[in-house]
Amino acid sequence: MTPFRERNPVPIGAVGLLTLGLAVLLAFNVQAIGFLGGGPAYSAAFSEAGGLRPGDDVRLAGVKVGEVDAVELDGGHVRVDFRVTEPARFGRDTGASVRIKTLLGQKFLSLESKGAGQLQPGSEIPLERTVSAYDVVDAFGDLAVTNERIDTAQLAKALDTMAAEFANTPDEVRAAVDGLSRLSRTIASRDEQLQSLLQRSKQVTGVLAERDAELSKLLRDANLLLAEMERRREDISRLLDATVSLSQQLTALARENRGELRPALEQLRAVTKVLQDNKAKLEEGIELMAPFTRVFASTLGNGPWFDTYIQNLLPVPGIVPPAAGPAVKP
């Protein structure tokens with residue numbers, strides 16, 4: 001048998017590169033391989049995406065069984081690719097719908113099992129068996145548009161006419177129509193306020209939809225905070241008990257030493273009154289003290305002695321005093 005070192009390195013390198021390429025291809029497509037945990041893949045055709053995004057849940061009877069892989073435009077409809085990662089059985093006539101998961105607008109893909117047998121992997125749920133979600137934001141927008149198109153004055157006039165026509169009817173019918181007429185007049189008188197309210201509601205829902213990620217993060221952080229408080233509940237309880245005990249002890253201490261504390265407090269109040277009365281003089285004294293403190297610090301700054309200078313006490317070495325001139329007689 002030929003030793004490994006003496007073999008031709010070209011086929012060995014080719015086999016190594018091919019193996020490496022297959023490993024990289026497997027790493028990028030691991031989700032497509034069922035036995036590695038990806039699960040069988042399916043697709044569904046929708047008239048519109050309805051806010052569904054890749055990574056959203058796929059649920060069967062309210063239980064999560066997979067997640068959405070992709071949402072892409074396919075001709076005149078939207079194709080939603082999803083994968084079932086949990087053991088689940090659903091018939092060959094299974095339908096799908098996009099539903100709202102949270103109040104903030106997050107969606108999930110719901111499967112409605114119908115028919116016998118099992119839906120084959122790779123199958124597509126046709127458009128006639130799917131239902132798209134109706135967005136809350138779009139609902140408020142459509143309501144605002146519809147309300148703007150209503151002729152409230154004409155509606156009030158029509159209802160008043162109806163009330164007049166029913167004037168000779170029994171009391172129960174006449175009271176109902178009169179109430180309807182008053183309701184229409186109230187709506188007509190509040191038309192601008194209703195339109196403003198609907199517009200504000202549309203803006204609020206739009207802001208909530210835009211801040212979906214931030215609000216979700218806020219709720220998760222609040223959940224973490226509550227969990228941490230629950231975990232530290234005993235410590236917080238002991239801290240509160242110790243605080244209550246300390247306040248009780250301080251209260252008892254003040255009551256027991258009230259006789260000693262009162263004279264001390266009165267003396268302290270007298271001292272503070274004296275200081276307050278002489279505040280201006282104290283400030284003036286501090287200002288006058290500043291130059292002396294500076295000179296005193298300079299004098300004693302080199303050690304435990306006074307550092308000073310007396311002029312002309314001793315002659316300076318190297319300087320000859322001037323010769324004495326002739327005496328001047330008076």
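Residue by residue through the stretch 46-51, what is 3J(HN,Hα) from phi via Karplus (6.51 cos²θ - 1.76 cosθ + 1.60, θ = phi - 60°)? Round to whole Hz and write x for glycine and proline.
10, 5, 7, 5, x, x
Could you run the Debye sum over the Cα atoms of the stretch 38-133, one equal point scatterer each and no solvent, and tell me log10 of I(q)/I(0) at q = 0.14, 0.19 Å⁻¹, two decimals?
Once normalised to I(0) and log-transformed, intensities are -0.43, -0.81.
Quick one: which residues, 5+ away or cross-chain, put their amide H under 5 Å from the amide H of Val131? H built at 1.01 Å from N.
Amide H neighbours of Val131, under 5 Å, 5+ apart: Ala96, Ser97, Val98.
So, by mean Cβ neighbours within 10 angstrom, what's the order for 211-219, 284-292, 74-82 with the highest one leading?
Working: 211-219: 12.4, 284-292: 9.8, 74-82: 16.9.
Final packing ranking: 74-82, 211-219, 284-292.
Read the figures in this text as sums done on the coordinates, not as results from a lab. Note that this is a predicted model, so its numbers are computed, not measured. FYI the Cβ positions are ideal-geometry reconstructions off the backbone, even for glycines, and counts take in every protein chain you see.
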